[in-house]
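Input: a single structure, listed below in structure tokens.
The values are calculated or read from the model by the stated rules, or taken from the named source; none is laboratory data. What you are looking at is a predicted structure, and each value in this text was computed from that prediction instead of being measured. Reconstructed Cβ throughout: ideal geometry from the backbone, glycine too, with neighbour counts over all protein chains shown. Quick note on the areas: whole protein, heavy atoms, side chains included, nothing else; ligands and nucleic acids left out. Shrake-Rupley method; radii C 1.70, N 1.55, O 1.52, S 1.80 Å.
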2 protein chains.
Amino acid sequence: RFFSALADVDCSIAAIAQGSSERSISAVIAQVDGPRAMAHVHRKCFGTTEIVELLVAGVGTVGGELLRQIHQQAPKLRAHGLDLRVCAIANSRNSLVAPEGVALDGWKARLETSTERFTLDTYRGWARARRPGRPIFVDCTSSEDVALGYPALMAAGLHVVTANKKANSGRQDHWRALRETASRHQRKFLYETNVGAGLPVIDTLKNMLRTGDTVHRVEGILSGSLSFILGLTEQGVPLSKAVGTAMEKGFTEPDPRDDLEGTDVARKVLILARELGRTLELEEVTLASLLPEEFDATGPLPDFLARLPQADGIFQQRVDAYRKEGKVLRYVGSVGPEGVRVGLVPVPLEHPLAAVKGGENALSFLSERYSPTPLVIRGYGAGAAVTAAGVLADVLRLVEGPLP
Amino acid sequence: RFFSALADVDCSIAAIAQGSSERSISAVIAQVDGPRAMAHVHRKCFGTTEIVELLVAGVGTVGGELLRQIHQQAPKLRAHGLDLRVCAIANSRNSLVAPEGVALDGWKARLETSTERFTLDTYRGWARARRPGRPIFVDCTSSEDVALGYPALMAAGLHVVTANKKANSGRQDHWRALRETASRHQRKFLYETNVGAGLPVIDTLKNMLRTGDTVHRVEGILSGSLSFILGLTEQGVPLSKAVGTAMEKGFTEPDPRDDLEGTDVARKVLILARELGRTLELEEVTLASLLPEEFDATGPLPDFLARLPQADGIFQQRVDAYRKEGKVLRYVGSVGPEGVRVGLVPVPLEHPLAAVKGGENALSFLSERYSPTPLVIRGYGAGAAVTAAGVLADVLRLVEGPLP
């Protein structure tokens, strides 16, 4: 079987030796054939699969859903020669660790009662122990501290896949250092879900640039919660009531001002701008809140919510005025010749962004090649299922072996 | 510099030896560090870049544009450690071959006057010579014979990137054998441009399936030429005249019936259906021509074109009748519970496919996760620039090193 496996991959054998106990056999092959032959021989002789170790930080809605998806997909992936092994699950308090893989049924209850703690240093030690496989650190937190740890993790040998926007929307010098570290240590750093969750945004943009297209303008609706709120106001629902409904449905951050003021969209636009080669900081993104300028949005949350109905009238007037012109208001982030901007934009009804429904994201890429008609990607850009799937797709992108 | 490079990638050294001439130095390192350390040491000590050899078959509009894009991008890619080297350029008659890379300025004139011929066997011999690098066979032909050669090329060690639809829309048993060969020899087979040119269609679908989403329905406008012709008929241009204009602009095949009868769309839908796990042959795709059933589309091309105005009346009546219902006709390919179908479909004006303009493609993926609102990708789905860029993106997907 050993020799037939070598023949399978068309590998010439230079010399053969057998151990005196007849328990071992060796073959000398050309160096270039090594990795290919080794992988195939192992798979064929021992039925082994490639082991990929995952260390998952953050087990909120996205992290939890990711574990569910891995648990569900594991048998199929194993049938295709890939053993995705979650070796550590951690939140800021507890952790579950198992070198041979944490059992993924009932992890939640076991994590709650676990007394172990898993820190970035533990991850580094883990990677340095150089177990077989290609360990991947998967960040499903939104912690800035965790993001600041990526370079150290990469230096220790871990690839990084992240749903956390903090690293890419932090200081520009950190952004650059992160890429230099990844390149020096030949580690991968993937973050497709940073913009548009499961939509193929970053990869599409990278492919355009790598193949020599010139991107003139990227614009999009990048907040599901704001597109939901604007959809309701178009149906005549007062702004304050629309915000309340979005809060109840869990579509907003606990403090809805984090959405309404546009910082989350600004982070996403900053990430897109940097992909396009721009050098800038978050503070340099031109940012206009969805709330009317005249409205005072400061103070504690209950005060803000009690005051919000005062904004309803002005906001509704704007919606109505634009409707008369055949336009709708969309909260748009854009990177173009005019700069990097986030704010409310009146959009004609026939514009692709006008049709974007509650909860959807949409991105439009206008380039040398996609011009005058842009490339448009549209679909749910938030939610645990599509975001976790985007993270899992990044993990699978890191894997070489044959996949379904 | 050697040791600092090893330190860079965090590689422990077990033993060191220096040759007596002081011209060589060796270090023993852990096996798992091997490939990573080797690549980095080479890059740092010799300033070397990773060499990827391309053998390009077919130099029509797509192949020619691909060579132009590679020529244009080469300096940028080299700066990122990647040396894309076109070692052979061939059409069915002539070829240019150069192990160190064919010079890409003025290749066209040199190819015309070349007396060399490069056959599939030459490619195989090339790959078997096991030069360093990872040779990739790039098929920009539309030849069935070339497509039938992929398994032999993979067995010889070549990865395959193709813009040619013939392999994926040929017999189902060949489709399966191709994948088995690729898996056995651990070669990659990439064909993103088979559906929607530069649009991220196949990769998006694969990611949905790999991460455990269930795809209920894929439908789309997959022919730029037919969407152009339908756009004109909506503006009141008679069908025969619209076909004539599309022919003049070079949007159709030399015989426009190849487009009008839907075979090209049927091939694309077949490819999508097989990605979704269906087992079927091209003949099993339910196919309706864009031309009215009553119309006789047989015979030599000039006769057909002379007769085509007879179809104008019936076609215009249909367009007008649907317009009264608020619908437009779109030539749609779909894979869903009802089967695998290609034909004219009346689509309400508010449907995402109704807005698709001349020359654009659009695909909609309805799945467990993207439901009730589908994921939609839209943009130019044909044309040399975007198709060649899609092929180049596939080539770059095969490459491991750090990329822009």
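Numbers at a glance
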read-out: Label geometry 7 Å along the beta-carbon vector: A:Pro337 inter-copy distances in nm; value: 5.0
read-out: Nearest 10 degrees, 0 to 90: helix B:34-46 Cα axis against chain B principal axis; value: 80
read-out: Carbon + sulfur, % of accessible area of chain A - ligands and nucleic acids excluded, 1.4 Å; value: 53
read-out: A:Leu301 accessible area, 1.4 Å probe, all protein chains in place, Å² to nearest 10; value: 50
read-out: Rounded Å value of the spacing that divides the Cα centres of the range A:339-366 and the range B:289-366; value: 29
read-out: Most positive-pole-ward Cα, B:Ser289, B:Ala273, B:Pro352, against dipole of the range B:249-404 from beta carbon charges; value: B:Pro352
read-out: Net dipole in debye of the range A:220-275 [+1 Lys, Arg Cβ; -1 Asp, Glu Cβ; about Cα centre; nearest 20]; value: 100
read-out: Total accessible surface hidden between A and B, rounded to 100 Å², 1.4 Å probe; value: 5200
read-out: FRET efficiency, A:Ala103 to B:Thr214 (Cβ-Cβ, R0 30 Å, nearest 0.05); value: 0.75
read-out: Pair A:Glu338, B:Arg78: separation of 7 Å Cα→Cβ label points (nm); value: 4.1
read-out: Ellipticity estimate at 222 nm from DSSP helix runs (n ≥ 4, -39,500 (n - 2.57)) divided over chain A, nearest 500; value: -12000 deg cm²/dmol
read-out: Top of B:Lys327, B:Lys166, B:Lys249 by mean-square fluctuation, Gaussian network on chain B, Cα under 10 Å; value: B:Lys249
read-out: Estimated FRET transfer efficiency (A:Arg318, A:Thr245; beta-carbon r; R0 22 Å; 0.05); value: 0.65
read-out: Beta bridges per DSSP with both ends in the protein assembly as shown, % antiparallel, nearest 5; value: 65
read-out: Simple Cβ-charge dipole of the protein assembly as shown, Lys/Arg +1 and Asp/Glu -1, about Cα centre, in debye nearest 20; value: 1960
read-out: Charged-residue dipole, Cβ positions (Lys, Arg, Asp, Glu), the range A:68-212 about Cα centre, Debye nearest 20; value: 360
read-out: Per-copy distances of the B:Ala288 label point, shortest first, in nm (7 angstrom along Cα→Cβ); value: 4.8
read-out: Tensor-based shape of the range B:202-379 (alpha-carbon gyration tensor, a/c under 1.5 rounded, otherwise prolate or oblate); value: prolate
read-out: Per-residue average of Cβ from other chains inside 10 Å of A:208-219; value: 5
read-out: Which of A:Tyr331, A:Thr298, A:Ser364, positive extreme of dipole for the range A:202-380 (C-beta unit charges); value: A:Ser364
read-out: Cα-based helix-to-principal-axis angle, A:263-275 vs chain A, degrees rounded to 10; value: 50
read-out: Label distances, nm, A:Ser143 versus same residue in remaining copies, Cβ-directed 7 Å point; value: 5.8
read-out: Probe 1.4 Å, protein heavy atoms only - accessible area per residue of the protein assembly as shown in square angstrom; value: 42
read-out: Gain on full stretching of the segment that runs from A:Ser143 to A:Leu280 - 0.36 nm per residue minus C-alpha separation; value: 47.2 nm
read-out: Dipole axis of the range B:170-264 (+1 Lys, Arg; -1 Asp, Glu on Cβ), positive-most option in B:Leu199, B:Leu260, B:Leu232; value: B:Leu199
read-out: Theoretical FRET efficiency, 1/(1+(r/R0)^6), r = Cβ-Cβ of A:Arg179 and A:Ala288, R0 35 Å, to 0.05; value: 0.70
read-out: Cα centroid separation, the range B:74-107 to the range A:60-79 (Å); value: 42
